[in-house]
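Written out below as structure tokens is the structure these notes cover.
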RNA sequence: GCCGAUGUAGCUCAGCCGGUAGAGCAACUGAUUCGUAAUCAGUAGGUCCGCGGUUCGAUUCCGCGCAUCGGCUCCA
């Protein structure tokens, strides 16, 4: 029999007997590579290590250290988990079980709820399966046979999955290990024995196929890594992330509360939280003014009739609150655009006036479902740094690009990385196809011109137009939408907005809805987690605290306090009869940037000794030297 | 809204099989006058989330509600 030629991962060629598998080929090449190899790619297609090679195949290895390798490992662990669940809970039906960014999950239908304690039992069983070193075996079946197979095994979800495959799919692949068989494209690891480190994390409900009309299944989340060390590191990271939770820090740093008696999703800002919020808002006002925005303010409630005209009543009603005033129905605003359009309409506009940029720190109310509320991130009343830009179609591109630059600038100031998505037309929407296409194209072009990369989020646009969304991540890597740019041809139409063009004729302006930080509440939540509560100097609610060594220095301390406060620095005092170490510890836990120590030496020389939050002592300095240092450090932000 | 878990002092948490509750920190009082992450002692503090039910008796068992947490769906 003639040998077949293979291109090895390093580009070299080798000949093997026909039917040679990936594992066999690699064994004779660099055997040690098999230790950390999870799967392989043949001519660019991911396959199992047991896959036989054909003449002319180009072979690559997928190592467990690669993103794809880890994902394959986790996917295999999810199969092992499914096996363990069915061993312990006979009759549990399996739905889907993919690997995800930080691990994997598997969805099950089972008569009773899995308790958190059950996870331990499942883990124990999984360890047995791993110890047994069951090989993962692939086989292919015609789709009809596969459907019959799963029907017989009492797995209706698998039957449905196969049934919904595209018509041209004639065969499907199954993977089995230790008596468990799953519908799966693969590839998988060669044996359960390759699994070294995993942990089941939590149980949650999840709708079948993500549709709330469908049955709710039970989802078990877990994670897995190539080594025990990596797993431990990840679990440690999770613990650390919990310490950054803005809800925890909000209480510890006395920033805000959410009070059960006051209502869900409603934020009550404490003095320090209010300082932080005002600093952010002041920064916004300054930056908007620089960029040609005019500040405006609209009312909190507007007649329901007006919301009908805008389309909100038909398309956004479920999220709105209504109230009645002297027999008239009013809608509490969920968005700020209506007032802004009325301002535009208050007089005849010329093309020379455009673009017009109205900016409002607009407080809105939206009825969010109970289960989605989340600290500052998802609330029922929030304030947007909202603006509406009315411009001619030819100005659109420059306006969108300027906003995107503004967002980029803001993110740099606050130190964030972000992801960009383009959200297209949703099912429930207003406007013509043509308008949607123009609007979507305008957003795409502006992003292209700005050299931005983005993902497409199909069908996730606002009901009146497509949008560019900027997403920030919280401590647990959950994404939150903050900035957004929405292009709208339809509301100007509905409100009959116009301007007089060069030709003396009436024309329709285009409207951009946009926020930079988004909801101030949400932004603060992300900000708190981003800095773990240790705000940069310019944002710190308390920038410095004066600490006396003993009571003796209180009069001098009071004098210094006055001088520092007069310099515009947010300073507090801790003149309590406690040891210095105690006061330092407390200031440290409050994450105050500067602790200013006052004792004998300082009183004599008329100085203070600043200690930085990072533990560094600056030594004795004059009060004015300190205040100018702080002012200098804040100058570029204020 | 849906699935699951949780709800005890300001905070973090104990509390067995039903017999009306404890610790540490914080607070308050006193002593100490102290130099860069916790001085000592004492005192006070609770509708055990709420409302019903079972029981001689419920923080504990059951039901309903409210809220929080993790997800799903939905969104800034």
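The values are calculated or read from the model by the stated rules, or taken from the named source; none is laboratory data. Because the structure is a prediction, the values reported are computed rather than measured. Virtual Cβ from ideal backbone geometry, glycine too; neighbours counted across all protein chains shown.
How many of the residues making up the range A:166-184 are outside any strand (DSSP E or B) and surrounded by 14 or more Cβ atoms within 10 Å (Cβ to Cβ)?
Going through the range A:166-184 one residue at a time, the tally reaches 2.
Being more than 30 Å from residue A:539 (Cα to Cα) and exposed (fewer than 15 other Cβ atoms within 10 Å of the Cβ) narrows it down to one residue among A:233, A:240, A:260; which is it?
A:233
Among the residues of the range A:544-560, are any near RNA strand B (Cβ under 10 Å from one of its atoms), closer than 21 Å to residue A:243 by Cα and surrounded by 21 or more Cβ atoms within 10 Å (Cβ to Cβ)?
no
Among (1) in contact with a strand residue (DSSP E or B) (Cβ under 7 Å, 6 or more places away or on another chain); (2) under 30 Å from residue A:496 (Cβ atoms); (3) part of a helix (DSSP H, G or I); (4) not assigned by TED's automatic domain parsing to the domain that holds residue A:488, where does residue A:288 come up short?
Unmet condition: (4).
Mind telling me which of the residues A:438, A:452 ends up being at pLDDT 90 or above and assigned to a loop (DSSP other than H, G, I, E, B)?
Only one candidate qualifies: A:452.
So, residue A:249, is that one within 16 Å of RNA strand B (Cβ to nearest atom), assigned to a loop (DSSP other than H, G, I, E, B) and touching a residue at least 40 places away in the same chain (Cβ under 8 Å) or not?
Considered against the rule, which asks whether it is within 16 Å of RNA strand B (Cβ to nearest atom), assigned to a loop (DSSP other than H, G, I, E, B) and touching a residue at least 40 places away in the same chain (Cβ under 8 Å), residue A:249 comes out as no.
Looking at (1) in contact with a helix residue (DSSP H, G or I) (Cβ under 8 Å, 6 or more places away or on another chain); (2) farther than 30 Å from residue A:417 by Cβ; (3) within 12 Å of RNA strand B (Cβ to nearest atom), find the lone condition where residue A:523 falls short.
Of the numbered conditions (1) in contact with a helix residue (DSSP H, G or I) (Cβ under 8 Å, 6 or more places away or on another chain); (2) farther than 30 Å from residue A:417 by Cβ; (3) within 12 Å of RNA strand B (Cβ to nearest atom), the odd one out for residue A:523 is (2).
Within the range A:412-430, can you find the residues that are farther than 19 Å from residue A:455 by Cα and either in contact (Cβ under 8 Å) with a residue 12 or more places away in the chain or in contact with a helix residue (DSSP H, G or I) (Cβ under 7 Å, 6 or more places away or on another chain) (or both)?
A:413, A:414, A:415, A:427, A:428, A:429, A:430
Considering A:257, A:264, which residue is closer than 28 Å to residue A:410 by Cα and either within 15 Å of RNA strand B (Cβ to nearest atom) or at pLDDT below 95 (or both)?
A:257
Of everything in the range A:599-618 that's part of a strand (DSSP E or B) and more than 7 Å from RNA strand B (Cβ to nearest atom), which residue is nearest to residue A:252 (Cα to Cα)?
The extreme case among them is A:612.
Per-residue answers, yes or no, for (1) outside the structural domain of residue A:426 (by TED's automatic domain parsing); (2) assigned to a helix (DSSP H, G or I); (3) more than 21 Å from residue A:392 (Cα to Cα); (4) within 16 Å of RNA strand B (Cβ to nearest atom):
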{"position": "A:309", "(1), (2), (3), (4)": "yes, yes, yes, no"}
{"position": "A:318", "(1), (2), (3), (4)": "yes, yes, yes, yes"}
{"position": "A:322", "(1), (2), (3), (4)": "yes, no, yes, no"}
{"position": "A:339", "(1), (2), (3), (4)": "no, yes, no, no"}
{"position": "A:344", "(1), (2), (3), (4)": "no, yes, no, no"}
{"position": "A:358", "(1), (2), (3), (4)": "no, no, no, no"}
{"position": "A:367", "(1), (2), (3), (4)": "no, no, yes, yes"}
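Could you go through the range A:198-212 and let me know if any residue there is touching a helix residue (DSSP H, G or I) at 6+ places or on another chain (Cβ under 9 Å) and in a loop (DSSP other than H, G, I, E, B).
No, the range A:198-212 contains no residue that is touching a helix residue (DSSP H, G or I) at 6+ places or on another chain (Cβ under 9 Å) and in a loop (DSSP other than H, G, I, E, B).
Listed residues A:539, A:589, A:517, A:580; which is surrounded by fewer than 22 Cβ atoms within 10 Å (Cβ to Cβ) and not assigned by TED's automatic domain parsing to the domain that holds residue A:624?
A:539
Looking at the range A:573-581, is at least one residue in a strand (DSSP E or B), in contact (Cβ under 8 Å) with a residue 12 or more places away in the chain, more than 26 Å from residue A:414 (Cβ to Cβ) and near RNA strand B (Cβ under 9 Å from one of its atoms)?
No: zero hits.
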